[in-house]
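A short write-up of the structure that comes next.
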Amino acid sequence: MKKKAALHNLGCKVNAYEIEAMQEILEEAGYEIVPFEPGADVYVINTCSVTNIADRKSRQMLHKAKKMNPDAIVAAAGCYVQTGTEKLEKDEAVDIILGNNQKKNIAEAIEEFEKSRGNQKYIIDINKTNEYEDLSIHRTAEHVRAYIKVQDGCNQFCTYCIIPYARGRVRSRELQDILQEVTELASKGYKEVVLTGIHLSSYGVDFKEENETLLTLIRKVHEVPGIQRIRLGSLEPGIVTEEFAASISVLPKVCPHFHLSLQSGCDETLARMNRRYRSAQFKERCDILRKYYENPAITTDVIVGFPQETEEEFANSRDFIREIQFYETHIFKYSKRQGTKAAAMSGQLTETVKSERSDNLLEMNERHSLAYETAMLGKELQVLLEEEIEVGGVKYLIGHSREYIKTAVRKKDSYGENDVVTVIAKGFLEPHILLGE
């Protein structure tokens, strides 16, 4: 009888990719994959450590797993393992701890634990390795879109961020390995790939001789037959040069949807964050994208309530966001992360102030998103259909345009999941869902 394994992921798209890779490893080792519910023999939790709250959620899920089956093996993997090793070593709910760059050992770790019934520890000093962990996937939980991890680690050391300590230095995946995975996924019908990493813009900086960059990678993936769309994960603004934008704009598979990480529109706050650009440079990069694309969807992340952020600094950030007119702004209230420089800064703001500033930007974001979507009315959209929905008794197929706008079309016999259809945006089916015909 097959042993049953249940997996649960916390955190980012890179984590999601890695847990799918671990699932495939366990399947190859003979495990039956079951839902994260009572009854499994093994529970694997891929943890997150981006905030103190993420740490707490990671611990809660580990304890939940042990409660669901006290006799089961509970394995903690990932970022919280790297940052909270000492706590996990003392945690009786956890049997196996697998740090980053050790997830490929999941099946071996379980086997060793079963032999010894003693806690297994697979931790390396993540800050002293140059090895890119050899993980890959042959399918993905998403039916039409495949996230491809191409890079790990970060060298930026922003003052609010623990990730360089959890993920280590920049390590890039070999180009041929990426192309092999993309080719296999394309052969299985996936039409869109999303290139993702911990610091995607750094792809290739650790290659000493190959002279390969993110642009090189994009061009190579563009050549893979069957792939119709290439979407890029979060980018640092510095990568958007005239050469970069001009080069990708002539590649029709690259989607005009760019997530440029801002964090603040105020230069003084950016300096305290140790970000490597200022607002004028960020605007210049947005202008470059808008020079080469008619109306690209530019999205961003913003932190409100960073230590010492004054009302004037917040106003400057808000005014800058208004000036850029992002399609979507993902707003985060600053959360103190122990172990980072920002956590030790004076001038920590209250939750009330953070919430007020967050609400202010959320309201602006709603207006900006609606304005961008409204500007698309009457225009031609190419939509990758993903799933069926029903609204008012009418069945629709819903998917995303190249700009990543949710778009619905009436269900037809000639349309199906994973089809790319060209429609004209005629109106709104629901808020933030365009109706195409």
Report summary line: Log entry, pairs with first residue in region 163-188 being touching a residue at least 60 places away in the same chain (Cβ under 8 Å) and closer than 30 Å to Gly339 by Cβ, second being crowded, with 20+ Cβ neighbours inside 10 Å and charged (D, E, K, R), beta carbons closer than 7 Å, six or more apart or on different chains, reads Arg167/Asp152
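Sort out which residues of region 206-230 are assigned to a loop (DSSP other than H, G, I, E, B) and surrounded by 15 or more Cβ atoms within 10 Å (Cβ to Cβ), and write them in order of number.
Those that are assigned to a loop (DSSP other than H, G, I, E, B) and surrounded by 15 or more Cβ atoms within 10 Å (Cβ to Cβ): Asp206, Glu212, Thr213, Val224, Ile227, Gln228.
Does Ala141 satisfy the criteria of being open to solvent by 50 Å² or more (accessible area, probe 1.4 Å), in contact with a helix residue (DSSP H, G or I) (Cβ under 8 Å, 6 or more places away or on another chain), of a type in the set (A, V, I, L, M) and in contact (Cβ under 8 Å) with a residue 60 or more places away in the chain?
The answer is yes for Ala141.
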Query raised in the report: For region 329-347, how many residues meet the condition of being open to solvent by 60 Å² or more (accessible area, probe 1.4 Å) and either within 30 Å of Thr374 (Cβ to Cβ) or over 27 Å from the mean Cα position of the chain (by Cα) (or both)?
Result: 5
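Each row is one residue, and each column tells you yes or no for (1) open to solvent by less than 10 Å² (accessible area, probe 1.4 Å); (2) more than 26 Å from Gly11 (Cα to Cα); (3) modelled with pLDDT under 95.
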{"residue": "Gln176", "(1), (2), (3)": "no, yes, no"}
{"residue": "Ser202", "(1), (2), (3)": "no, no, no"}
{"residue": "Ala245", "(1), (2), (3)": "yes, yes, no"}
{"residue": "Val250", "(1), (2), (3)": "no, yes, no"}
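Looking for whichever is open to solvent by 40 Å² or more (accessible area, probe 1.4 Å), within 30 Å of Leu381 (Cβ to Cβ) and in a helix (DSSP H, G or I) here; the options are Glu312, Glu363, Glu356, Glu268. Which one fits? Break it down into steps so the answer makes sense when it comes.
On the way: Glu312 fails: within 30 Å of Leu381 (Cβ to Cβ); Glu356 fails: within 30 Å of Leu381 (Cβ to Cβ); Glu268 fails: within 30 Å of Leu381 (Cβ to Cβ).
Going through Glu312, Glu363, Glu356, Glu268 in turn, the sole match is Glu363.
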Query raised in the report: Given the residues His138, His143, which is the only one that is at pLDDT below 95, touching a Lys or Arg at 6+ places or on another chain (Cβ under 8 Å) and either hydroxyl-bearing (Ser, Thr, Tyr) or not in a strand (DSSP E or B) (or both)?
Result: His138
Report summary line: Given (1) free of Cβ contacts under 8 Å to residues at least 60 places away in the same chain; (2) of a type in the set (Val, Ile, Thr); (3) surrounded by 24 or more Cβ atoms within 10 Å (Cβ to Cβ), Val44 misses just (1)
**Report entry** Residue pairs meeting the criteria (Cβ under 6 Å; at least 6 apart or on separate chains; first open to solvent by less than 20 Å² (accessible area, probe 1.4 Å), in region 108-119; second among the polar types (S, T, N, Q))
**Finding:** Ala109/Gln120; Phe113/Gln120
Query raised in the report: Taking the stated definitions as given, is Ile96 open to solvent by less than 10 Å² (accessible area, probe 1.4 Å), among the hydrophobic types (A, V, I, L, M, F, W, C), touching a Leu at 6+ places or on another chain (Cβ under 9 Å) and farther than 30 Å from Lys333 by Cα?
Result: no
Report task. Examine region 39-54 for a residue that is among the aliphatic types (A, V, I, L, M), more than 19 Å from Leu26 (Cα to Cα) and over 20 Å from the mean Cα position of the chain (by Cα), and state whether such a residue exists. Result -> no
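The values are calculated or read from the model by the stated rules, or taken from the named source; none is laboratory data. Quick caveat: nothing in here was measured; it's all calculated off a predicted structure. All Cβ positions, even for glycine, are placed from backbone atoms using ideal geometry, and neighbour counts span all protein chains on display. Areas reflect the complete protein model, heavy atoms only, side chains present, ligands, DNA and RNA absent. Shrake-Rupley method; radii C 1.70, N 1.55, O 1.52, S 1.80 Å.
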